[in-house]
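In what follows, a structure is listed as structure tokens, so that the remarks can point back to it.
The values are calculated or read from the model by the stated rules, or taken from the named source; none is laboratory data. The model shown is predicted, which means the values in this text are computed figures rather than measured ones. Every residue, glycine as well, gets a Cβ built from its backbone with ideal geometry; the counts of neighbours run over all protein chains shown. Ligands, DNA and RNA are excluded from the accessible area calculation, which covers all protein heavy atoms including side chains. Shrake-Rupley method; radii C 1.70, N 1.55, O 1.52, S 1.80 Å.
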Amino acid sequence: MAAVSLTRAELFAVLLRAARGAGVPLGHAEDLAHAVSDHGDANAITAASRALNQGWAPPLFEQYEGLIFANARAIAALPIALDALQSGLPWVKLLDLDEAALAPAYLDHAAASQAGEFVMEDDMIVPGPRVSKRPKDRPEVSAACWGTLTQHAARTYVPATDTSRQGAGAGSIDND
Amino acid sequence: MRLSRLGVMQPTRLSFLRVLMRRLADAKAVVTRPVWDMNDEGHGCAVYTVTIGARAYSLIAFSQALAPEDRTDRVIATAWDAAFVLFDGIPTEDDIARLKRDVPRQEAGRLSAKEIVLSRANKSVRVFSDVVDALRRGEQPKKDLIRETGYLMRTTAVYGNGKFGLSDRAAYAERPELSGPFAAEMLTVWLIRGFTHDLAEFLGGAEMDREIKRHLGIGNATGLGMAPFLVSHPRLLDAWFRVKETALARVLAQETIFEEDANHLLAAVSEAKAYLADWQVADLDAQSEIDALREEWDRFTADVTVETLRQAGALAALFAVAETRSEALQELAAAWLLEPFGALIDGLAADQATHADPCLDASMSCAALKTLIVSHAAWALDVDFDDPAATAQFWYVSEEKLEPRLGDRESEAGAELETPLDSARQIAALYQALPSDERPLWRFLAEAPEHRAAARRVQTLAEHPYSEVRANLLDKDAAPIHLLRAKLSFFGATRFDPKSRLWTRVTLGQGLPLLDEIGDEAPWLPSL
């Protein structure tokens with residue numbers, strides 16, 4: 001199967017459903033969908049699908065002057081990291097970040113949504129000027145990645161039944 | 001923002017179709033029809049091009065034969081009387097050939113960034129046939145028939161913003177002519193309306209009387225697909241209502257009004273009266289509500305004259321009276337009062353669109369967020385979610401055509417996969433879980449990520465008071481049709497004709513200027 005060219009709106013919709021289907025809590029699913037669909041490139045999309053394959057696990061971190069995440073899982077850790085920085089912590093370290101390609105999209109989204117401007121230097125995120133980019137292209141998503149995302153998204157769908165078909169409205173025959 | 005009020009909303013001069021008409025007039029837009037390639041049965045292709053300033057947009061229409069047993073308004077349909085696309089620019093022959101392949105397939109096809117809106121429509125068979133037959137006989141269609149239905153064809157979906165490969169809205173949202181909410185979709189519906197007129201006249205071999213033609217809008221069957229939008233776009237919802245409420249506040253703040261405006265208001269009283277008399281629906285409960293509103297309107301406006309309207313503080317006093325009456329009367333009165341004051345309020349339409357997404361302030365203390373919930377979302381705390389009636393319904397996405405549906409939790413499977421449209425329940429759960437101390441929110445959410453979405457919604461609501469539908473959408477009595485009515489009233493829809501608590505027929509564009517009448521005034525509530 002060839003790569004799929006998606007619109008940004010389609011990317012948002014499938015990422016949100018896929019994240020929820022993979023067990024990601026709603027708020028984090030929303031963050032992922034917004035960040036990657038608004039600001040992500042093909043690498044970020046691939047990183048998102050790989051991250052979803054890992055499932056959800058709450059992040060482990062310790063607080064010093066800043067925060068240190070160990071074995072940081074991007075989908076869980078990045079939003080919390082940005083929250084902490086927004087709240088005034090001076091730095092966040094993300095050790096062994098699993099899908100680093102997601103970080104630029106999250107940082108761009110934070111800047112665009114006025115949650116704060118941050119930059120990533122190696123494994124550390126600190127406040128810093130950031131001009132967020134919002135790509136206007138249509139990312140090419142590999143067949144494998146598309147398959148992963150739609151598979152996760154499908155976990156949120158309910159099979160149709162005769163009863164459920166009655167539940168959506170409009171007549172079955174409309175010759176008025 | 002309660003369901004009962006949303007469910008009785010009316011269109012206003014700030015509705016998106018009327019805003020579009022004014023934008024087209026300001027831009028001195030012109031519509032031409034460079035392609036009309038139809039066989040004797042009205043099957044083929046047509047292209048309408050509207051030039052707005054330096055840009056052109058083209059509606060490409062594909063009309064085809066459809067067996068009666070295949071004619072359904074459901075999203076699960078696979079064939080239609082006509083399929084449409086709004087093309088960004090002027091299509092080449094190659095574009096038309098490509099779109100001829102994909103557009104009639106609708107969701108099964110794939111569009112490109114050159115296409116903005118995808119739609120399809122079915123004939124209102126009886127009306128369409130009767131109109132064509134009348135024209136063939138050299139007669140005009142009977143006004144009673146036109147009054148009864150109000151459209152020749154019904155759209156059953158109007159897709160935009162990146163669906164099925166269409167252009168993302170961000171690609172054209174900065175263009176003045178398409179910057180308004182759903183402006184591209186409204187333009188498409190208005191052009192489709194023109195196509196339906198032309199098709200009927202082509203098959204009838206004669207032109208319709210303009211008054212009759214104007215009264216033929218576009219029908220639409222609106223089901224649950226539209227409902228989740230109001231929950232998933234809180235900032236946009238707030239923008240729409242904030243503009244409406246600001247407009248009303250400006251109008252009511254006028255100490256006195258000019259005679260010309262008083263005359264306009266008086267004329268609008270009659271306009272509403274005629275509309276309410278014409279508005280007949282099959283559902284008995286809905287019809288009795290319309291009948292009640294008609295009587296209430298007559299009583300409310302019985303003493304309205306130019307003189308009374310020009311008294312000091314008259315409009316505010318009138319609205320204060322309306323606020324002691326039914327919600328239906330209040331909404332009608334609010335829409336009525338806006339009518340003459342375009343100079344005062346039309347500019348507010350620019351604020352109806354927003355690209356902003358809700359943003360979380362993670363530095364807020366848990367105690368402060370708890371206070372916000374009490375002060376701004378108490379409606380969510382008033383629900384007893386232990387009562388089965390409060391969670392009797394669940395929203396979900398059907399595997400078939402991926403459309404939203406509403407299920408009964410007790411009797412239907414799938415509740416474990418429910419779509420999170422349960423804002424009230426989420427907010428109530430957040431309130432229960434939040435500590436009452438000064439711990440920063442980010443620490444709480446790090447340990448309880450399941451509350452992140454609700455926290456963001458509450459903070460948004462505190463700054464944007466119209467961002468939430470203040471209702472428990474899981475309640476057994478929560479009727480989705482109220483959500484549909486609210487959104488459709490912002491579109492400018494009229495003649496709400498509910499068929500169940502889940503879907504309604506409406507008419508769009510009725511009474512609007514025809515394709516060659518850009519610049520003419522559009523009525524508020526059309527009647528024939």
Which listed residue is under 16 Å from B:Ser232 (Cα atoms), in contact with a Pro (Cβ under 8 Å, 6 or more places away or on another chain) and within 7 Å of chain A (Cβ to nearest Cβ), from B:Arg405, B:Arg456: B:Arg456
Among the residues of segment B:191-235, which ones are within 14 Å of another protein chain (Cβ to nearest Cβ) and either under 30 Å from B:Ala314 (Cα atoms) or open to solvent by less than 50 Å² (accessible area, probe 1.4 Å) (or both)? B:Gly219, B:Asn220, B:Ala221, B:Thr222, B:Gly223, B:Leu224, B:Met226, B:Ala227, B:Pro228, B:Phe229, B:Val231, B:Pro234
Report, ordered by the first and then the second residue, all pairs with beta carbons closer than 7 Å, sequence separation of six or more or different chains, a first member in segment A:1-20 that is under 19 Å from A:Leu52 (Cα atoms) and without any contact (Cβ under 8 Å) to a residue 12 or more places away in the chain, and a second member that is part of a loop (DSSP other than H, G, I, E, B) and open to solvent by less than 40 Å² (accessible area, probe 1.4 Å). A:Glu10/B:Gly162
Free of Cβ contacts under 8 Å to residues at least 12 places away in the same chain, within 12 Å of chain A (Cβ to nearest Cβ) and either open to solvent by less than 10 Å² (accessible area, probe 1.4 Å) or under 26 Å from B:Asp384 (Cα atoms) (or both): does that describe B:Pro480? no
So B:Pro358 ticks every box in (1) in a helix (DSSP H, G or I); (2) within 14 Å of chain A (Cβ to nearest Cβ) but one. Which box is left unticked? (1)
Picking from B:Arg505, B:Arg501, which residue would you name as being in a loop (DSSP other than H, G, I, E, B) and either modelled with pLDDT under 95 or surrounded by fewer than 19 Cβ atoms within 10 Å (Cβ to Cβ) (or both)? B:Arg501
Of the conditions (1) away from chain B (no Cβ under 11 Å); (2) crowded, with 21+ Cβ neighbours inside 10 Å, the single one that A:Trp91 does not satisfy is (2)
Which numbered condition in (1) modelled with pLDDT under 95; (2) closer than 29 Å to B:Arg405 by Cβ is the only one that A:Ser142 fails? (2)
Does segment B:384-399 hold any residues that are open to solvent by 40 Å² or more (accessible area, probe 1.4 Å) and touching a residue at least 12 places away in the same chain (Cβ under 8 Å), and which are they? B:Phe385, B:Pro388
All but one of (1) among the polar types (S, T, N, Q); (2) part of a loop (DSSP other than H, G, I, E, B); (3) within 11 Å of chain A (Cβ to nearest Cβ) hold for B:Gln426; state the number of the condition that does not hold. (2)
Subset of segment B:116-139 [among the hydrophobic types (A, V, I, L, M, F, W, C) and touching a residue at least 40 places away in the same chain (Cβ under 8 Å)]: B:Ile116, B:Val117, B:Leu118, B:Ala121, B:Val125, B:Phe128, B:Val131, B:Val132, B:Ala134, B:Leu135
If a residue must be closer than 18 Å to B:Asp198 by Cβ, away from every other protein chain (no Cβ under 14 Å) and polar (S, T, N, Q), how many such residues does segment B:106-165 contain? 2
If you check B:Val47, B:Val85, which single one turns out to be β-branched (Val, Ile, Thr), crowded, with 23+ Cβ neighbours inside 10 Å and on the phi < 0 side of the Ramachandran plot? B:Val85
For segment A:145-163, the count of residues that are assigned to a loop (DSSP other than H, G, I, E, B) and either at pLDDT 95 or above or among the aliphatic types (A, V, I, L, M) (or both) equals 3
Which of (1) open to solvent by less than 40 Å² (accessible area, probe 1.4 Å); (2) within 8 Å of chain A (Cβ to nearest Cβ); (3) part of a loop (DSSP other than H, G, I, E, B) does B:Ser363 not meet, given it meets every other one? (1)
Filter segment A:68-84 for residues that are open to solvent by less than 40 Å² (accessible area, probe 1.4 Å) and more than 9 Å from chain B (Cβ to nearest Cβ) and give the result. A:Phe69, A:Ala72, A:Ala74, A:Ile75, A:Ala77, A:Leu78, A:Ala81
Got a sec? Which of A:Gly88, A:Gly21, A:Gly66, A:Gly116 is over 29 Å from A:Ala144 (Cα atoms) and touching a Ser or Thr at 6+ places or on another chain (Cβ under 9 Å)? A:Gly88
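So that you can scan it fast, the table gives a plain yes or no per residue for (1) crowded, with 21+ Cβ neighbours inside 10 Å; (2) more than 8 Å from every other protein chain (Cβ to nearest Cβ); (3) free of Cβ contacts under 8 Å to residues at least 40 places away in the same chain; (4) closer than 25 Å to B:Trp442 by Cα:
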| site | (1), (2), (3), (4) |
| --- | --- |
| A:Ser37 | yes, yes, yes, yes |
| A:Gly40 | yes, yes, no, yes |
| A:Ile45 | yes, yes, no, no |
| A:Ala48 | yes, yes, no, yes |
| A:Gln63 | no, yes, yes, yes |
Report, by residue number, each residue of segment A:6-25 that is within 8 Å of chain B (Cβ to nearest Cβ), over 11 Å from the mean Cα position of the chain (by Cα) and open to solvent by 10 Å² or more (accessible area, probe 1.4 Å). A:Arg8, A:Ala9, A:Glu10, A:Pro25
Could you please let me know if A:Asp31 is buried (at least 21 other Cβ atoms within 10 Å of the Cβ) and without any contact (Cβ under 8 Å) to a residue 12 or more places away in the chain? no
Filter segment B:236-283 down to residues that are of a type in the set (Ser, Thr, Tyr), closer than 23 Å to B:Glu296 by Cα and open to solvent by 40 Å² or more (accessible area, probe 1.4 Å), then give me how many there are. 1
Filter result for the condition that a residue is under 20 Å from B:Arg154 (Cβ atoms), open to solvent by less than 10 Å² (accessible area, probe 1.4 Å) and not polar (S, T, N, Q), over B:Ala67, B:Ala77: B:Ala77
Count of segment B:42-64 residues which are within 17 Å of B:Phe195 (Cβ to Cβ), part of a loop (DSSP other than H, G, I, E, B) and either in contact (Cβ under 8 Å) with a residue 60 or more places away in the chain or of a type in the set (A, V, I, L, M) (or both): 1
Is it true that some residue in segment B:439-461 is part of a loop (DSSP other than H, G, I, E, B), open to solvent by less than 60 Å² (accessible area, probe 1.4 Å), touching a residue at least 24 places away in the same chain (Cβ under 8 Å) and within 23 Å of B:Pro234 (Cα to Cα)? no
If I filter segment B:282-315 down to residues being within 29 Å of the chain's Cα centre (by Cα) and outside any helix (DSSP H, G or I), which single residue comes out as modelled with the highest pLDDT? B:Thr301
Go through segment A:79-114 and report how many residues are among the acidic types (Asp, Glu) and in contact (Cβ under 8 Å) with a residue 40 or more places away in the chain. 3
So, B:Asp386, is that one modelled with pLDDT of 95 or more and within 8 Å of another protein chain (Cβ to nearest Cβ) or not? no
